[in-house]
1. How much FRET efficiency would the formula 1/(1 + (r/R0)^6) give for Tyr102 and Asn180, where r is the Cβ-Cβ distance and R0 is 45 Å, rounded to 0.05?
2. Dipole magnitude of region 172-271 about its Cα centre, charges +1 at Lys/Arg Cβ and -1 at Asp/Glu Cβ only, in debye to the nearest 20?
3. Quick query: amide H of Phe248 versus all other amide H atoms, modeled in the peptide plane; which residues come in under 5 Å with a sequence gap of 5 or more or a different chain?
4. Which log10 I(q)/I(0) values, to two decimals, does region 167-232 give at q = 0.15 Å⁻¹ under the Debye formula with one point per Cα?
5. Tabulate in residue order the Karplus-calculated ³J(HN,Hα) for region 239-249, using 6.51 cos²θ - 1.76 cosθ + 1.60 with θ = phi - 60°, rounded to whole Hz; enter x for Gly and Pro.
6. Counting each pair of different Cα atoms once, what's the Kirkwood radius of region 1-117 in Å, rounded to one decimal?
7. Checking the table Lys163/Lys210; Lys174/Lys235; Lys162/Lys220; Lys99/Lys123 against a 24 Å threshold on Cα-Cα, which pairs fail?
8. Cut-off under 18 Å on the C-alpha distance; same-chain residues fewer than 8 positions from Lys263 excluded. Which lysines are left, in chain and number order?
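The values are calculated or read from the model by the stated rules, or taken from the named source; none is laboratory data. Keep in mind that this is a model prediction, so the values were computed, not measured. Note: ideal-geometry Cβ built from the backbone for every residue, glycine included; neighbour counts use all protein chains shown. Note: accessible area is taken over every heavy atom of the protein model, side chains too, but ligands, DNA and RNA are not part of it. Shrake-Rupley method; radii C 1.70, N 1.55, O 1.52, S 1.80 Å.
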Amino acid sequence: MIRQAIIPLAGLGTRLLPLTSVYAKELLPINGKVGLEYIIDECIDAGIKEIVFIISKKKQIIRKYFYNDKFYRKIIKNKKDLRIISEYKKIKKYRKIIKFVYQNNPKGTGDAVLKTKKFIKDKFFLMLLPDDLIIKRNCSKEMISIHNKKKCSVMASMSVNKKTVNRWGIYSKKININRNSFYINDVVEKPDINSAPSSNAVIGRYILPKKIFNKLKNQKKGKGGEIHITDAIRKLIKEGHKIIGYTFKGKYLDCGSMEGYIKSSMEINKL
Ligand code: G1P
């Protein structure tokens, strides 16, 4: 059973400047709802009972968003607005399942994951990258269902334009399980077009084993001087750990880039 999720939220959000110069990108509204809430709702709907947020001192605003009681109480006291009351209730509901941990130096996703080590209780946990919004289907729920059947790690996969492989983690397939899933042979972080093993990209939903922490402890910096989760996953595969790539059926929205962010509001508005 997967009961815990982690969400790295310490990134600087430079691709969304100037929107992120004074604000956290994960709190930006997407069609009138905070981006991070879509991710939390996906977790709750997938049966997750606890979510660990990895933030930084610079991103305290995220914590404040969930702990702004004084402000809400005052407003609700003066103005009995049902909409505000129900929004406040929702935030309090979220708060019950959220924990915070700090990554003050943005050293990469691998380093962010390592910060959650003391919180993870079960053999496997879910990680969601908040830039990657998947709508129409609950990708996490579908991956958890695969994990429950096969008892192994699962990562989301999407076919991308060959010209863009150097923006993603790229899979090399071992064998197809069915039309939507395959066993992974290898995964490479942001390869160049000539060395990319395929055009199947890693998308930000991962079911990872607790033993990844042992790999991350000694993980050296990789592409772009960052500690990548992809490189630790690679080590697990080399040691014979089974990982399934799941070609999800929902629609992918890249909320970490300006173009994608703008498009995401329009796409969600159409639902
Ligand atoms: C991260 C991962 C990469 C993955 C991508 C999905 O990259 O390192 O393997 O393909 O998320 O969005 P980032 O977006 O942090 O550069």
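1. Details: r = 37 Å, r/R0 = 0.82.
The formula returns an efficiency of 0.75 here.
2. On the way: 20 positive and 9 negative charges, 100 e Å.
It comes to approximately 480 debye.
3. Ser157
4. Log10 of I(q)/I(0), two decimals: -0.53.
5. Working through the residues one at a time gives 8, x, 6, 7, 9, 9, x, 10, 7, 5, 9 Hz.
6. Values: mean 1/r = 0.0652 Å⁻¹.
Kirkwood radius, region 1-117: 15.3 Å.
7. Numbers: Lys163/Lys210 34 Å; Lys174/Lys235 16 Å; Lys162/Lys220 28 Å; Lys99/Lys123 19 Å.
Beyond 24 Å: Lys163/Lys210; Lys162/Lys220.
8. In chain and number order, the partners are Lys25, Lys33, Lys136, Lys251.
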